[in-house]
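J.: Submitted below is the structure of interest, expressed as structure tokens.
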Amino acid sequence: MKEREIALYAIIDILNEKAYNNIVLRSVLARNSHLSMVQRAFVTELVNGTLRNMINIDYIISLYSKTALEKMKPLIINNLRISVYQIMYMDKVPDSAACNEAVELAKQKGFATLAGFVNGVLRNIARNKDNISYPDKQKHPVDYISVKYSYPVWIIEYWLKELDIDTIEKICLSNRVPPKVSACINTLKIDKAGLKKALSADNIAMTDGVFKENALYLSKTRDITQTRTFADGLFHVMDESSMLAVDILAPKPGDKVLDSCAAPGGKSFYCAYKMKNEGEIISADIYEHKLELIRSGAERLGIGIIKPVLSDASVHNAAYDGKMDCVLADAPCSGFGLFRKKPDIKYNKTMEDVEALAKLQRDILGTCQAYVKQGGCLVYSTCTISLKENLENVKWFCDTYGFEPEDISKYLNFECATAKDGYIQVLPCDFMTDGFFIARFVKR
């Protein structure tokens, strides 16, 4: 199959099955291993770019189609979507080529009678792409942001409970930028200068992290897991904002640490680096196959202090009571900080999901608090921007269990107004990283 056809069926699978974009992409690219690095990048951009901008794309299609979107065949509407993405967002693809390829694809897939319709809609959009009319930004800011940046109205209205409209627009704008691959340096094996040299030998381009000294951004590699530097365990893939959660946890050599929702293991691995591979890290998860990812990752990285354990973080384990120097509760969440990487989340989550997750997070916090030693710390983190899941849970936790928020300023190398109150909300527009919430508590 050609790239456009591969992208088309990937999007159909993601939307029809409510599947994760990264899993579907990994699968389709593995089945089409003949594709070059450039072709793989093109398929990835078509799929993720279309998903990131789908509400905007659907709005534009509806302006120039007499047929309602819900009346169209899945292949036709998704063929139009990826074509409109090319016309509106990809300068390197001529509009005429996007139109012609869409028409040919419709014909090849048995929709020759609709080829004229596809051609007419796309030609109209191409002619008018610089004159699209959007809701008035001043009079209807929520509708404007929803349509312009492709966010469901309910998410914007939810964010307005804690953020102003200008900040929300900055978040939405920053999430249009494709994510980079962030590597966490395995300081048990190599330093930053050494890893840079090794990556250069692997013909991998790199830039320094935005705010973390032990982070590098990697590019120009077909599959990072197939490189010699990865196989040798010189780094693991981890976003900078996720690394910040471990820095705020601040485990020391010899500590006993519980990573209560550990898979796929990135935070446990970084804890081991900071602990110089001395002490004990219990890496818990509810899925055995995910524990295997932790085991194999620790082995590749040369880590000997990680103990993967099959465990439900919301179920109390009396054996851990009062035994842990540090507990990390990186809880399951709505993932609203990951829209750049996982744009499908926007269309699959509901407010009911947010409320259910907030309750689960409280169950996990209520269980994990019992494991902390007197004077020990608990760090609560999520990869979301969500009042119910973040600040409201922090207030509930302090009121219910008497833990004290601790000033986290000393763990940061940048200014943060809320650090003295014991928490930080990293927004995607702050450093172009994942959105992340982190709070640190001490047991007195």
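The values are calculated or read from the model by the stated rules, or taken from the named source; none is laboratory data. Here the structure is a predicted model, which is why all the values come from computation and not from measurement. Here Cβ is always computed from backbone atoms with ideal geometry, including for glycine, and neighbour counts include all displayed protein chains.
J.: Looking only at the range 11-47, which residues are over 16 Å from residue 341 (Cα atoms), outside any loop (DSSP other than H, G, I, E, B) and among the small types (Gly, Ala, Ser)?
T.: Residues satisfying the conditions are 27, 30.
J.: A follow-up question, please. Taking the condition of being surrounded by fewer than 19 Cβ atoms within 10 Å (Cβ to Cβ) and either within 14 Å of residue 382 (Cα to Cα) or in contact (Cβ under 8 Å) with a residue 24 or more places away in the chain (or both), how many residues in the range 351-364 meet it?
T.: 6
J.: Give just the number: which of (1) under 26 Å from residue 166 (Cβ atoms); (2) touching a residue at least 60 places away in the same chain (Cβ under 8 Å); (3) crowded, with 19+ Cβ neighbours inside 10 Å does residue 125 not satisfy?
T.: (1)
Table: residues versus (1) within 30 Å of residue 175 (Cβ to Cβ); (2) assigned by TED's automatic domain parsing to the domain that holds residue 165; (3) in contact (Cβ under 8 Å) with a residue 12 or more places away in the chain.
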site	(1), (2), (3)
371	no, no, yes
376	no, no, yes
379	yes, no, yes
385	yes, no, yes
396	yes, no, yes
400	no, no, yes
415	yes, no, no
418	yes, no, no
429	yes, no, yes
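J.: Can you pull out the residues in the range 20-35 that are buried (at least 17 other Cβ atoms within 10 Å of the Cβ) and in contact (Cβ under 8 Å) with a residue 40 or more places away in the chain?
T.: Selection gives 21 alone.
J.: With (1) out of contact with any Phe, Trp or Tyr (no Cβ under 6 Å at 6 or more places or on another chain); (2) closer than 17 Å to residue 2 by Cβ; (3) part of a helix (DSSP H, G or I); (4) of a type outside the set (Asp, Glu) as the list, and residue 50 as the residue in question, which single condition is left unmet?
T.: (1)
J.: Could you give me the residue pairs with C-beta distances under 9 Å whose first residue belongs to the range 308-330 and is at positive phi, whose second residue is outside any loop (DSSP other than H, G, I, E, B) wherever it lies, and which are 6+ apart or on separate chains?
T.: Within 9 Å, the pairs are 322/370; 322/371; 322/372; 322/373; 322/374; 322/376.
J.: Which members of the range 37-74 meet the condition of being touching a residue at least 24 places away in the same chain (Cβ under 8 Å) and farther than 28 Å from residue 154 by Cα?
T.: Once the filter is applied, which keeps residues that are touching a residue at least 24 places away in the same chain (Cβ under 8 Å) and farther than 28 Å from residue 154 by Cα, the range 37-74 yields 37, 39, 40, 42, 43.
J.: Has the range 320-331 got at least one residue that is crowded, with 21+ Cβ neighbours inside 10 Å and under 15 Å from the mean Cα position of the chain (by Cα)?
T.: Yes, the conditions are met somewhere in the range 320-331.
J.: Name, by its number, the condition in (1) of a type in the set (Gly, Ala, Ser); (2) buried (at least 16 other Cβ atoms within 10 Å of the Cβ); (3) touching a residue at least 40 places away in the same chain (Cβ under 8 Å) that does not hold for residue 133.
T.: Status for residue 133: all satisfied but (2).
J.: Count, please, the residues in the range 315-354 that happen to be more than 15 Å from residue 385 (Cβ to Cβ) and at pLDDT 95 or above.
T.: Summing the residues that are more than 15 Å from residue 385 (Cβ to Cβ) and at pLDDT 95 or above in the range 315-354 gives 19.
J.: Report the residue count in the range 368-390 for those that are under 27 Å from residue 345 (Cα atoms) and of a type in the set (Gly, Ala, Ser).
T.: Within the range 368-390, residues that are under 27 Å from residue 345 (Cα atoms) and of a type in the set (Gly, Ala, Ser) number 2.
J.: Please return the ranges of strands (runs of 3 or more DSSP E) entirely within the range 364-444 where 3 or more residues are touching a Pro at 6+ places or on another chain (Cβ under 8 Å) and farther than 23 Å from residue 156 by Cα.
T.: Output list reads 436-442.
J.: Still on this structure, I have one more. Mind checking which residues of the range 255-265 are closer than 21 Å to residue 182 by Cβ and either surrounded by fewer than 24 Cβ atoms within 10 Å (Cβ to Cβ) or among the hydrophobic types (A, V, I, L, M, F, W, C) (or both)?
T.: 261, 262, 263, 264, listed by residue number.
J.: Sticking with this one: In the range 1-47, what count of residues is obtained for those that are within 19 Å of residue 224 (Cβ to Cβ) and among the acidic types (Asp, Glu)?
T.: Count: 1.
J.: Any residue in the range 79-91 that is surrounded by fewer than 15 Cβ atoms within 10 Å (Cβ to Cβ) and either without any contact (Cβ under 8 Å) to a residue 40 or more places away in the chain or in the same structural domain as residue 341 (by TED's automatic domain parsing) (or both)?
T.: Yes: one or more hits.
J.: Answer yes or no as to whether residue 252 is among the basic types (Lys, Arg), outside any strand (DSSP E or B) and under 30 Å from residue 374 (Cα atoms).
T.: Here the answer is yes, as residue 252 does meet what is asked.
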